[in-house]
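Notes follow once the structure below has been shown.
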Amino acid sequence: MDQQTKIHIPNVNISKTLEEMAWFAGVATCIKLLLIPSYRSTDFEVHRNWLAITHSLPLSLWYTDETSPWTLDYPPFFAYFERFLSIFANLVDPTIVDLHKGLNYASNSVIYFQRLTVVLSDISLFYGIYRLTKNLDPVKRRLIWVLLIWSPMLLIVDHVHFQYNGLLLGFLLLSLSYLEEGRDLMGGFAFAVLLCFKHLFAVAAPVYFVYLLKHYCCRGGGGVVRGAGRVFIMGGAVAVAFVAAFGPFLYHGQMKQVISRMFPFGRGLCHAYWAPNFWVFYIMLDKGLTFVLPKLGFNLIPPAASFTGGLVGDSSPFTVLPQITPMMTLIIVLLSMSPCLIKAWKDPQPRMITRWVCYAYTCGFLFGWHVHEKASLHFVIPLAIVAVNSLEDARHYSMLSIVSCYSLFPLLFEANEYPVKVLLLLLHSILMWFGFSSIRGDLGSRELVIGRVGKSYLMGIFAVEIWGQFLHPCLLGKRLPFLPLMMISLYCAFGIIYSWIWQLRRILNS
């Protein structure tokens with residue numbers, strides 16, 4: 001590391017910091033344990049089946065098995081992770097890892113085992129948070145811990161709905177912590193490892209590529225030619241991760257099958273529950289034109305395919321507007337990301353990398369193909385690190401985190417979990433308000449003021465929720481059952497688009 005890229009790391013009391021963080025993690029763990037008996041989605045059976053696949057079959061058959069419809073479609077490092085867990089699952093209850101007898105297995109042994117693996121895997125998240133916050137002011141550090149360790153979004157998605165986002169986001173935060181310290185090689189390697197766990201994080205790969213090429217490979221004004229050695233080193237580090245992940249499958253001639261599983265573009269443009277992004281408005285416009293134009297004399301034939309195919313099949317069936325393909329969404333994502341890429345190339349600053357990566361994930365969420373609503377975690381979680389930088393960042397994050405959390409409510413559709421998700425969001429909002437108020441002096445203001453428009457928008461969430469939970473059943477009964485979900489998706493999409501525009505302006509003015 002040369003003089004230009006050295007970053008001052010102040011002395012910190014590591015033991016005291018870890019002790020304080022352990023208290024926050026302990027509280028979160030207690031809440032997670034209480035959520036063990038709660039509702040679980042089909043993702044629970046998905047991951048149980050992956051345990052069975054990786055335990056019962058040789059590696060060469062992992063990505064070809066179709067015993068269950070929930071086939072393995074994550075990159076190899078996550079498959080290896082499932083194989084590691086299957087060792088202990090077999091000791092707890094052999095039926096868990098039985099490829100045939102284990103289908104839809106729902107005994108207490110499998111429930112407690114899989115729930116606890118998610119709880120334990122959050123160690124990755126805690127370590128990433130620790131590295132990013134260890135040198136911050138204690139008050140700001142604790143606020144970030146409240147926002148992340150006690151994140152209602154992670155509790156809803158990972159510890160009720162069931163996924164391993166904490167594990168994966170830990171690697172993302174770890175990578176960002178290295179980049180903010182100027183340790184680009186370690187940051188690039190950590191990101192490569194993350195991609196070998198879950199390829200959907202590759203949305204930020206263009207930002208990583210441009211930033212590392214300019215900040216690491218071309219630093220000192222030598223250009224790419226003089227930095228060829230660093231290009232080779234960085235490329236070697238990334239190659240190590242990918243060879244370790246994909247090498248065994250390349251040896252067995254399975255690469256084509258692995259890639260086809262990872263990128264099933266035959267799925268619909270949108271997920272079953274429309275993620276609150278740009279395509280919601282596009283679909284609604286097409287539906288509206290499909291309804292209006294025949295009344296004006298136009299002859300339209302609605303297609304039979306679905307917008308929301310969760311399994312591979314026909315997709316993107318628009319009646320009036322142009323059909324959307326995966327390649328088109330890729331181009332739109334890259335174009336929307338281009339201002340950030342130009343900034344990263346012209347002035348690659350470590351203190352800006354987290355903001356740039358968050359913006360990239362926001363672009364992917366808004367314009368990507370078959371985006372899940374849970375993907376908002378990719379930018380909401382790391383943006384908490386940025387939120388303590390200024391009053392404007394705090395205001396933006398307050399709005400975004402509330403809207404994003406509310407957009408996840410349809411994931412928990414059973415009555416028993418309704419008080420849980422409402423209470424989690426309310427507690428998060430209260431703690432966030434008091435947290436930002438406690439550092440308002442550092443942010444340059446006496447109070448955290450969201451503004452009339454922001455307050456009105458957030459109050460609208462109550463109106464949407466009251467309609468969906470109370471008024472719709474009373475007034476419409478079982479008619480138009482899709483309407484409450486559509487309203488949530490549409491309403492939250494306005495907030496996410498506002499966040500995207502706000503982030504873009506912030507980056508351009510930085």
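The values are calculated or read from the model by the stated rules, or taken from the named source; none is laboratory data. Computed from a predicted model, the values in this text were never measured in an experiment. Heads up, the Cβs are rebuilt from the backbone with ideal geometry, glycines too, and the neighbour counts pull from every protein chain shown. To get the accessible areas, we keep the full protein, side chains included, count just its heavy atoms, and leave off ligands, DNA and RNA. Shrake-Rupley method; radii C 1.70, N 1.55, O 1.52, S 1.80 Å.
If packing is taken as the average count of other Cβ atoms within 10 Å, what order do 112-123, 45-56 fall into, highest mean first? List each step's numbers first, then the result.
Details: 112-123: 18.0, 45-56: 23.2.
Per-residue Cβ counts within 10 Å, averaged per peptide and sorted highest first, yield 45-56, 112-123.
With a 1.4 Å probe and all protein chains kept in place, how do Ile324, Ile466 rank by accessible area, largest first?
Numbers: Ile324 10, Ile466 80 Å².
These residues rank, largest area first, as Ile466, Ile324.
Rounded, prolate or oblate: which one fits the range 319-386, using the alpha carbon gyration tensor with axes a ≥ b ≥ c (rounded when a/c is under 1.5, else prolate when a/b beats b/c, else oblate)?
Working: a/c = 4.09, a/b = 1.58, b/c = 2.59.
Note, shape of the range 319-386 comes out oblate.
From the phi of every residue in the range 341-346, what ³J(HN,Hα) in whole Hz does the Karplus formula 6.51 cos²θ - 1.76 cosθ + 1.60 yield, where θ is phi - 60° and glycine or proline is x?
So the Karplus estimates, Gly and Pro as x, are 5, 5, 4, 5, 6, 6 Hz.
Given axes a ≥ b ≥ c from the Cα gyration tensor, I'd like to know whether the range 372-510 is rounded (a/c under 1.5), prolate (a/b larger than b/c) or oblate. Let's see the in-between values first.
Working: a/c = 2.17, a/b = 1.86, b/c = 1.17.
Verdict is prolate for the range 372-510.
Could you give the length gained by full extension between Thr95 and Leu427, i.e. 0.36 nm per residue of separation minus their alpha carbon distance, to one decimal place?
Values: separation 332, 0.36 × 332 = 119.52 nm, distance 3.91 nm.
Here the answer is 115.6 nm.
What full-extension length gain, to one decimal in nm, is calculated for Val292 and Gln469 as 0.36 nm per residue of separation minus the Cα-Cα distance? If you can, show how the numbers build up before the last one.
Numbers: separation 177, 0.36 × 177 = 63.72 nm, distance 2.96 nm.
That works out to 60.8 nm of additional length.
Return the lysines within reach of Lys198: Cα separation strictly under 29 angstrom, same-chain partners fewer than 8 residues apart disregarded; answer none if there are no such residues.
Lys32, Lys101, Lys134, Lys214, Lys256, Lys343, Lys374, Lys421
Using the Karplus curve 6.51 cos²θ - 1.76 cosθ + 1.60 with θ = phi - 60°, work out ³J(HN,Hα) for each residue of the range 274-285 in order, rounded to whole Hz, and write x for Gly and Pro.
For the range 274-285, the Karplus-derived couplings read 4, 5, x, 10, 4, 5, 4, 5, 5, 5, 5, 5 Hz, x marking Gly and Pro.
Accessible area of the range 226-274 with a 1.4 Å probe: how many percent of it is carbon plus sulfur?
Working: 1960 of 2740 Å².
Taking all protein chains in place, the range 226-274 shows 72 percent carbon and sulfur surface.
Is the range 176-277 best put as rounded, prolate or oblate by its Cα gyration tensor, with a ≥ b ≥ c the root eigenvalues, rounded for a/c under 1.5, and otherwise prolate when a/b is larger than b/c, oblate when not?
On the way: a/c = 2.54, a/b = 1.52, b/c = 1.67.
Here the range 176-277 falls in the oblate category.
Determine the per residue accessible area of the chain with all protein chains present and a 1.4 angstrom probe, expressed in square angstrom. Mind dumping the intermediate values first?
On the way: 22820 Å² over 510 residues.
For the chain, the per-residue accessible area is 45 Å².
Output the relative contact order of the chain, whole-number percent, from Cα pairs under 8 angstrom with separation of 6+ residues.
Numbers: 668 pairs, mean separation 82.7, N = 510.
Averaging sequence separation for qualifying contacts and normalising by length gives 16 percent for the chain.
With only alpha-carbon pairs counted, each pair once and no self-pairs, how large is the Kirkwood hydrodynamic radius of the range 1-140 in angstroms?
17.7 Å
Read through the labelled values (i) 69, 60, 48; (ii) 64, 63, 58; (iii) 65, 53, 47 and report the label of the one computed as Cα extents along the principal axes in Å from the structure.
Derived directly from the coordinates: (i).
Contour minus end-to-end for Val453 and Gln349, with contour as 0.36 nm per residue of separation and end-to-end as the Cα-Cα distance?
34.2 nm
Suppose R0 equals 25 Å; then what is the FRET efficiency for Ser510 and Asp137 from their Cβ-Cβ distance, rounded to the nearest 0.05? Before the final figure, lay out the partial values.
Numbers: r = 21 Å, r/R0 = 0.86.
The value I calculate is 0.70.
Short version: ³J(HN,Hα) in whole Hz for each residue of the range 474-481, in order, from phi by Karplus 6.51 cos²θ - 1.76 cosθ + 1.60 (θ = phi - 60°), x for Gly and Pro, what are they?
Values per residue, Gly and Pro as x: 6, 8, 10, x, 8, 6, 6, x Hz.
What residues have an amide H closer than 5 Å to that of Val371, excluding those fewer than 5 places away on the same chain, when H is modeled at 1.01 Å from N in the peptide plane?
Sorted by chain and number, the residues that satisfy this are His271.
Compute the separation of the alpha-carbon centres of the range 363-419 and the range 450-506 and state it in Å as a whole number.
Their Cα centres are 14 Å away from one another.
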